[in-house]
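The values are calculated or read from the model by the stated rules, or taken from the named source; none is laboratory data. All values derive from a computational prediction rather than experimental measurement. Glycine gets a Cβ as well: all are built from the backbone with ideal geometry, and neighbour counts include every protein chain shown.
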Amino acid sequence: MKLVRWEPLEDTEELLRRMSRPVFGRWPHLFGREKETAFEWSPAVDIRETDNEYLIKAELPGVKRGDVNVNLEDNVLTIEGERRQEKEEKGERTHRVERFYGSFRRSFTLPDNADTAGIHAQSKDGMLNVHLPKLKVEKRKALEIKVA
């Protein structure tokens, strides 16, 4: 028989993650598989729609433009990258770190009316804006069919 150490905070962490997800989004993992401190993060994203396009806005403060990749494969748009932690200088001590660092990845399945040929992205002031034009779809006229 194997003894397993009970970690009450780990159960509480999982409960908080499940309860807070609808309100606050993803909750960081405080304990990894080996019980070391490990954080998982992903940028906050807004998705808006107008008559002409879809707009995906991702918050990426502190992430350099070269550290972000936007890919489209099999009708799935993926935003991935890394926020690198600043290195401590000599004579400097860190008292608190509340920002998340490391790799991130967000994926979104595109709607059928998305024009993938016209997609473009721009990064400015810590925001990544991905513009996805809509295809022009003609509305079909209703036809009345006479019953004989």
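Each row is one residue, and each column tells you yes or no for (1) closer than 26 Å to TRP41 by Cα; (2) touching a residue at least 60 places away in the same chain (Cβ under 8 Å).
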{"site": "ILE56", "(1), (2)": "yes, yes"}
{"site": "ARG105", "(1), (2)": "yes, yes"}
{"site": "ILE119", "(1), (2)": "yes, no"}
{"site": "GLU138", "(1), (2)": "no, no"}
{"site": "ILE145", "(1), (2)": "no, no"}
Being farther than 17 Å from VAL45 by Cα and either in contact with a Pro (Cβ under 8 Å, 6 or more places away or on another chain) or modelled with pLDDT of 80 or more (or both) is the filter here; which residues of the range 76-86 pass it?
ARG84, GLN85
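Residues that are surrounded by 14 or more Cβ atoms within 10 Å (Cβ to Cβ): list the strands (runs of 3 or more DSSP E) wholly contained in the range 43-130 that include at least 3 such residues.
Those strands (runs of 3 or more DSSP E) span 53-59, 68-73, 76-83, 102-109.
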Could you say which residue among THR78, THR94, THR50 is in contact with a strand residue (DSSP E or B) (Cβ under 8 Å, 6 or more places away or on another chain) and of a type in the set (S, T, N, Q)?
THR78
